[in-house]
Amino acid sequence: MPPKSKEKPKSAAAAPPPSISIEDLFTSIKRHVDKDEFEQIVKLSDQVLSVAPGDEDALRCKVAALIKCDKIDDALSVIRKVPNDFSYFKAYCLYRQNKLKEAMESLKGLDETSATMLLESQILFRMGKMDASVDIYRKLQNSKIDALEINVVAGLVSAGKSSEVKGMMDAL
Amino acid sequence: FPPAFQAFPRNPIVRDLAYDSIDFPTLEHRMKKDKKGLLSRFWG
């Protein structure tokens, strides 16, 4: 392990020159991102991290790719090992593990975005808090989120408010 | 026989929309900017 440095990835310049440059690695990562080839992204991110430990973009790519290929446990163990703030990723992983209270904790303090709202709504749904879950979708109804109506209907029906489905669908 | 078909309630479907919000960082600034590099000088 190289000594911890507060410097950004540039510290890697001091290491012996890698056979492939970090820029080339990121170019490859981008290509695989565009094709949804998540396992390749994990491998290439590891290559970046071997020469630039702690590189924020590489870590973010690795965690996102692990989540995308359903390796939730692996993603969470990476998140827990690094000092970076990956609260949204963490909350999502905990949600997938059904650790709903912890997931909610991890969402707290994050700026409210459509991503955090969608996740919060899904957590509430699993907690059985249907009304709160649907309330969030109401706030999002003008955000043009694809397939939102699926969850809205699920929430309304589960909340015993099937009669509101039609009105809500018209509003979406 | 066979018995008549019957409708039965099922659990509503929820789609994992939060999954779609798991995004990769923008990487353009980490990639090579100068496209007229050594290679293109030879082959470009």
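Within segment A:38-58, track down each residue that is surrounded by fewer than 22 Cβ atoms within 10 Å (Cβ to Cβ) and under 12 Å from B:F24 (Cα atoms).
A:F38, A:E56, A:D57
Of A:L76, A:L118, which residue is assigned by TED's automatic domain parsing to the domain that holds A:L172, surrounded by 16 or more Cβ atoms within 10 Å (Cβ to Cβ) and without any contact (Cβ under 8 Å) to a residue 40 or more places away in the chain?
A:L118
What number of residues within segment A:133-151 satisfy the criterion of being closer than 23 Å to A:L94 by Cα, more than 10 Å from every other protein chain (Cβ to nearest Cβ) and either open to solvent by 40 Å² or more (accessible area, probe 1.4 Å) or at pLDDT below 95 (or both)?
Adding up the residues that qualify gives 1.
What is the one condition in (1) under 30 Å from A:S158 (Cβ atoms); (2) over 16 Å from the mean Cα position of the chain (by Cα); (3) not assigned by TED's automatic domain parsing to the domain that holds A:R138 that A:Q97 does not satisfy?
With (1) under 30 Å from A:S158 (Cβ atoms); (2) over 16 Å from the mean Cα position of the chain (by Cα); (3) not assigned by TED's automatic domain parsing to the domain that holds A:R138 applied to A:Q97, the lone miss is (2).
Restricting to segment A:126-155, count the residues that are hydrophobic (A, V, I, L, M, F, W, C) and without any contact (Cβ under 8 Å) to a residue 24 or more places away in the chain.
6
Restricting to segment A:59-80, count the residues that are farther than 20 Å from A:I29 by Cβ and of a type in the set (K, R).
Within segment A:59-80, residues that are farther than 20 Å from A:I29 by Cβ and of a type in the set (K, R) number 1.
Could you list, in sequence order, all residues of segment B:17-34 that are closer than 23 Å to A:Q141 by Cβ and either part of a loop (DSSP other than H, G, I, E, B) or in contact (Cβ under 8 Å) with a residue 40 or more places away in the chain (or both)?
B:S21, B:I22, B:D23
Going residue by residue through segment A:81-96, is there one that turns out to be open to solvent by 80 Å² or more (accessible area, probe 1.4 Å), out of contact with any Ser or Thr (no Cβ under 6 Å at 6 or more places or on another chain) and within 13 Å of another protein chain (Cβ to nearest Cβ)?
Yes: segment A:81-96 contains one or more residues that are open to solvent by 80 Å² or more (accessible area, probe 1.4 Å), out of contact with any Ser or Thr (no Cβ under 6 Å at 6 or more places or on another chain) and within 13 Å of another protein chain (Cβ to nearest Cβ).
Condition test on A:S28, is it of a type in the set (S, T, N, Q) and either away from chain B (no Cβ under 12 Å) or within 26 Å of A:L148 (Cα to Cα) (or both)?
No.
Kindly indicate whether any position in segment A:79-93 is of a type outside the set (A, V, I, L, M, F, W, C), farther than 20 Å from A:E56 by Cα and at pLDDT 95 or above.
no
Check A:S106 against each of (1) touching a helix residue (DSSP H, G or I) at 6+ places or on another chain (Cβ under 7 Å); (2) among the hydroxyl-bearing types (S, T, Y); (3) surrounded by fewer than 18 Cβ atoms within 10 Å (Cβ to Cβ); (4) more than 12 Å from every other protein chain (Cβ to nearest Cβ) and name the one condition it does not meet.
It is condition (3) that A:S106 fails.
The values are calculated or read from the model by the stated rules, or taken from the named source; none is laboratory data. What you are looking at is a predicted structure, and each value in this text was computed from that prediction instead of being measured. Note that we place each Cβ from the backbone using ideal geometry, even for glycine, and neighbour counts take in every protein chain shown. The protein model used for the area step is the full one, side chains on, heavy atoms only, and it has no ligands, DNA or RNA in it. Shrake-Rupley method; radii C 1.70, N 1.55, O 1.52, S 1.80 Å.
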